[in-house]
1. Can you run phi through the Karplus equation (6.51, -1.76, 1.60; θ = phi - 60°) for the range 12-18 and list ³J(HN,Hα) in whole Hz, with x for Gly and Pro?
2. Out of residues 5 or more away from Trp41 or on other chains, whose amide H comes under 5 Å of its own, with H placed 1.01 Å from N in the peptide plane?
3. Roughly what would the spin-label model give for Ala22 and Lys61, points 7 Å off Cα along C-beta, in nm?
4. How far apart, in nm, are two points set 7 Å out from the Cα along the Cα-to-Cβ line at Arg9 and at Ile71?
5. Give me the Kirkwood hydrodynamic radius of the range 1-49, using the inverse of the mean 1/r over all pairs of distinct Cα atoms, in Å to one decimal.
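Only the coordinates and a few stated rules stand behind these numbers; no lab work does. Since the structure is predicted, the reported quantities are computational estimates derived from the model, not experimental observations. Cβ placement follows ideal geometry from the backbone for every residue including glycine, while neighbour counts extend to all protein chains displayed.
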Amino acid sequence: MTCKGICIRHKAQKPVGSGRYALGQRRCQICEIFINWVGLWCPCCGYRLRSKPRNLKYKDKLRARRKREEIDMLIHKQPAPQIQKPGKSIMHKSVDR
Ligand SMILES: [Zn+2]
Ligand SMILES: [Zn+2]
């Protein structure tokens with residue numbers, strides 16, 4: 001199982017605005033390339049193609065982000081949720097004019 005250079009002919013362009021896997025592009029680990037290919041196996045090296053992103057990594061990323069948002073929320077909540085102080089807004093108006 002080695003790269004024979006055939007995959008280059010099927011090389012997929014990097015999509016704008018959406019994921020490669022969403023567009024049906026497949027990744028060959030051996031050729032280290034994304035190709036436009038409908039089959040399950042690489043036409044070049046014959047290795048099984050990846051048609052989905054690595055779930056674990058994606059989930060980890062998502063979880064990490066959610067945790068960060070939670071922490072952010074906690075930090076922002078502590079002083080008190082944004083309460084409009086009448087005195088402040090009046091001051092703002094006078095500054096504007
Ligand atoms: Zn190849
Ligand atoms: Zn390949």
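1. 9, 6, 6, x, 10, x, 9
2. Here Leu49 satisfy the definition.
3. According to this spin-label approximation, the distance is 1.2 nm.
4. Result for the modelled spin labels: 5.1 nm.
5. Computed over the range 1-49, the radius equals 10.6 Å.
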